[in-house]
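Structure record follows, encoded as C-alpha cells.
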Amino acid sequence: MKISRIAFFLVLFFGKMSLSAKEVKPALLVYGSGIEAFTAAMQGARSNVPTLWVMNGHTLVEELTLKPLKITSNQGLDGGIWMDILMASAQHKGSSDSLAGEIKMNITPTLMLNAIQRMLDEQQQLTVLRNENITSLTRNKRGWTVVLGNNKKYEVRAVVDASSGGELGTKIVKDAFSVAEVTLQKTEMLTPEQIRTTVALGSYEGTDYTVLAKDVLDQSFHELFFVHALVPATEGAESIPFRAHVGQAVGAVAAYCAFFKTTADKVDVRKLQTELMSFRARLLPWKDVSQQDTHYGAVQRCYLATILEGKEDNLLFDRGDSVQVESVKIIFNRLYSRSQLWFADNATDYFALKDVLSLVKFVSFRGKEVDDQVQKDWTKKLKFEGVYDPERKVTRYEFMVLVDRYASPYTKTVTLQGDILR
C-alpha cells in the first residue's frame with residue numbers, strides 16, 4: 001500500500017513538473033524576478049497573450065516572500081494585480097481597501113508565496129522559467145529573437161525588461177539605442193491632458209505619482225520596454241505597491257503591441273486604460289472614493305475624461321459639493337460640439353438635477369425616457385440619497401454618475417498627448 005502511494009505521488013509530482021515546463025510559443029517575454037516582472041507577466045497572460053516569464057532568480061517575488069513586512073505606503077490607492085495578491089493572501093474574494101491596509105501592516109511570507117503561486121497556476125497563457133538568463137536579444141522583422149542560457153530560442157513580438165537595472169539594455173542588446181529620460185509626475189501637478197493618459201499611479205515616501213502612457217513609450221525601444229526608470233525606487237518595502245502598479249501598466253502596453261501585432265506608437269490610450277481597468281487597476285487618485293463604492297467605475301472613467309477637477313491638489317473628490325455650470329463648460333465643449341448650444345440657452349450658476357438631465361439628453365440625442373429612467377432607478381439602482389427632485393442641486397458624485405451613464409465622455413478618443421479627438 002505504501003509503495004503504491006509513493007508511486008502515485010511520484011506520478012503526480014512529475015506530471016505537474018512536465019506541465020509547468022510545457023513548451024509554448026510566446027508572443028510576449030518578461031524578464032526579471034521582482035514584483036514588476038510578476039505583475040507585467042500576469043497582465044500579459046490575462047490579456048490573452050501567450051507570455052513567457054524568464055526569471056533571473058529562483059525565488060518568486062522575493063521582496064514579498066522571504067521575510068515579514070510592514071507597508072504603510074499607498075493607502076487608499078491599492079489596485080489591480082497588487083490588490084489581487086493582497087486579497088489572495090487573505091483568501092478574500094473581491095477588493096477591499098480597508099482589508100488591503102490591514103494586510104500590508106503584517107505581510108506574512110508564506111501566505112504571500114502561496115497566493116502568488118495560486119495566481120500563477122490559474123494562468124493558462126503564462127509559462128515561468130526560473131533561474132534562467134538571456135544571452136542574446138536581437139531585432140528581427142516582426143519583433144525580437146531571444147536566446148536563453150539553455151540555448152533555447154524564441155521569437156516574440158514584445159519584451160519587458162523588469163530587471164532592477166535594465167540589464168537587457170545595458171548588457172545584452174546589440175543594437176545601438178537610447179530611450180528618453182522620464183521625470184515622474186506628481187499627481188497634484190497634473191494637467192487635464194496628462195490625467196487623460198494615466199496608466200498607473202501610487203504613493204512613495206508621502207508623495208503621490210502618476211505614470212502616463214507616454215512615459216511607458218519613452219522607455220521603449222522597438223517594443224522592448226524598460227521598467228526601472230518608471231519607479232521611484234527599487235529597494236525597500238514601501239516601494240512595492242507602486243512598483244507593482246507600474247509593472248502591470250508596462251505589461252499591458254507590451255501585451256497590446258503583441259496582441260494587435262503593432263508598434264508602441266500605435267497604442268490606443270482608451271483601449272489600454274480599459275484593459276487595465278478590466279483587471280481592476282486603479283487609475284483614480286481620489287482617496288476618498290473606495291473601490292467598494294457602487295459607482296467607483298463611473299467616477300474613475302469621468303476622472304480620466306477630466307469632467308471635474310479634484311480637490312486639495314487633485315488628491316480628493318469631495319463628492320458632496322455642488323457643480324458650477326461654468327466649471328464644466330470648456331470640457332463639455334471639447335467633448336461634444338452640440339453642448340455649446342446648450343450652454344448658450346441655459347443661464348444658471350449651479351446644476352440642478354433637471355439641468356444635468358437636460359444637458360446629457362442634449363449631447364447624447366436622448367429624450368424624456370432618461371428622466372423617467374433616473375426617477376425609477378434613483379434609490380434602488382443608482383442608490384442616491386434623498387428623493388428624486390428635479391429642482392434641487394446635484395452633488396459632484398451624482399453629476400459624475402449621470403454624465404457617465406448617459407453621455408459616456410470616457411469613450412471619446414484621446415491622443416498620447418491627451419488631446420481629445422471627436
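Please give the calculated 222 nm ellipticity per residue for the chain, where each DSSP H segment of at least 4 residues contributes -39500 (n - 2.57) and the sum is spread over every residue; nearest 500 deg cm²/dmol? Write out the running numbers ahead of the final one.
Numbers: 16 runs with 167 residues, N = 422.
Taking each H run of at least 4 residues, the total per residue is -12000 deg cm²/dmol.
In µm²/s, what is D for region 296-421 at 4 °C and 1.567 mPa s, where D = kT/(6 pi eta Rh) by Stokes-Einstein and Rh is the Kirkwood radius from Cα pairs? Mind dumping the intermediate values first?
Details: Rh = 15.0 Å.
So the translational diffusion coefficient is about 87 µm²/s.
How big is the gap, in Å, between the Cα center of region 330-351 and the Cα center of region 353-422?
First find each Cα centre; the distance between them is then 14 Å.
For region 206-222, what does the Karplus curve 6.51 cos²θ - 1.76 cosθ + 1.60, with θ = phi - 60°, yield as ³J(HN,Hα) per residue in whole Hz, taken in order and with x for Gly and Pro?
Per residue, the Karplus-derived 3J(HN,Hα) values read x, 10, 8, 10, 10, 9, 9, 4, 5, 4, 5, 5, 5, 9, 10, 9, 6 Hz.
Which entry in (i) 54, 25, 19; (ii) 43, 25, 19; (iii) 90, 22, 17 is this structure's computed semi-axes √(5λ) of the Cα gyration tensor in Å?
Looking at semi-axes √(5λ) of the Cα gyration tensor in Å for this model, the match is (ii).
Around Lys311, which amide H atoms from residues at least 5 apart in sequence, or from another chain, sit under 5 Å from its own amide H, with H modelled in the peptide plane?
Amide H neighbours of Lys311, under 5 Å, 5+ apart: Leu316, Phe317.
For region 133-265, what mean projected area does the convex hull of the alpha carbons give, in nm²? Provide the component values of the computation, followed by the final result.
Numbers: hull surface 34.3 nm².
It is 8.6 nm².
Report, in whole Å, the centroid distance computed from the Cα atoms of region 208-238 and region 248-327.
Rounded to whole Å, the Cα centres lie 18 Å apart.
Hey, what do the phi angles of region 139-153 turn into as Karplus ³J(HN,Hα) couplings, whole Hz, using 6.51/-1.76/1.60 and θ = phi - 60°, x for Gly and Pro?
Per-residue couplings from phi come out as 6, 10, 4, 10, x, 10, 9, 10, 10, 8, x, 8, 6, 6, 10 Hz.
Please figure out what share of the DSSP beta bridges in region 25-283 is antiparallel and state it in percent, rounded to the nearest 5. Intermediate values should be presented prior to the final figure.
Numbers: 20 of 36 bridges.
Antiparallel bridges: around 55 percent, rounded to the nearest 5.
Amide H of Ala200 versus every other amide H placed in the peptide plane: which residues, excluding those fewer than 5 positions away on the same chain, fall under 5 Å?
Long-range HN contacts for Ala200: Val211.
Rank-order 217-227, 288-298 by packing density, defined as the average count of other C-beta atoms within 10 Å over each peptide's residues, highest first. Kindly include the intermediate steps, with their values, before the conclusion.
On the way: 217-227: 22.4, 288-298: 16.2.
Highest to lowest by the protection proxy: 217-227, 288-298.
Would you mind working out the magnitude of the charge dipole of region 25-283 relative to its Cα centre, with +1 at each Lys and Arg C-beta and -1 at each Asp and Glu C-beta, to the nearest 20 Debye?
On the way: 26 positive and 27 negative charges, 189 e Å.
Dipole of region 25-283, to the nearest 20 debye: 900 debye.
Using a cut-off of under 18 Å, list every residue of region 70-110 whose amide N is near the label point 7 Å from the Cα of Arg130 along the Cα-to-beta-carbon line.
Under cut-off, by backbone N: 109-110.
Pop out the ³J(HN,Hα) list for region 103-111 in order, Karplus 6.51 cos²θ - 1.76 cosθ + 1.60 with θ = phi - 60°, rounded to Hz; leave Gly and Pro as x.
Rounded to whole hertz, the list is 4, 5, 6, 8, 7, 9, x, 4, 5.
Just to be sure I understand the model, the point goes 7 Å from the Cα along the line to the Cβ. What's the resulting Arg139 to Thr411 distance in nm?
Rounded to a tenth, the inter-label distance reads 3.9 nm.
Relative contact order of the chain: what whole-number percent is it, with Cα pairs under 8 angstrom and at least 6 residues apart? Let's see the in-between values first.
Values: 780 pairs, mean separation 71.3, N = 422.
Value for the chain: 17 percent.
Determine the distance separating the Cα centre of region 86-104 from the Cα centre of region 110-160; give it in Å without decimals.
28 Å
Of the trypsin sites (Lys or Arg not before Pro) in region 44-113, which ones lie in a loop per DSSP and count no more than 11 other C-beta atoms within 10 Å?
Working: sites: Arg46, Lys70, Lys93, Lys104; in loops: Lys70, Lys93.
Loop-located and lightly packed - Lys70, Lys93.
Aspartates and glutamates within cross-link reach of Lys361: Cα-Cα under 15 Å, excluding same-chain residues under 8 positions apart?
Leaving aside aspartates and glutamates fewer than 8 places away in the same chain, those within reach of Lys361 are Asp345, Glu369, Asp371, Asp372, Asp404.
Bear in mind that the values in this text are calculations on the coordinates, not laboratory data. Owing to the predicted nature of the structure, the values given are computational and were not obtained by experimental measurement. Here the Cβ is made from the backbone with ideal geometry for all residues, glycine too, and neighbour counts use every protein chain on show.
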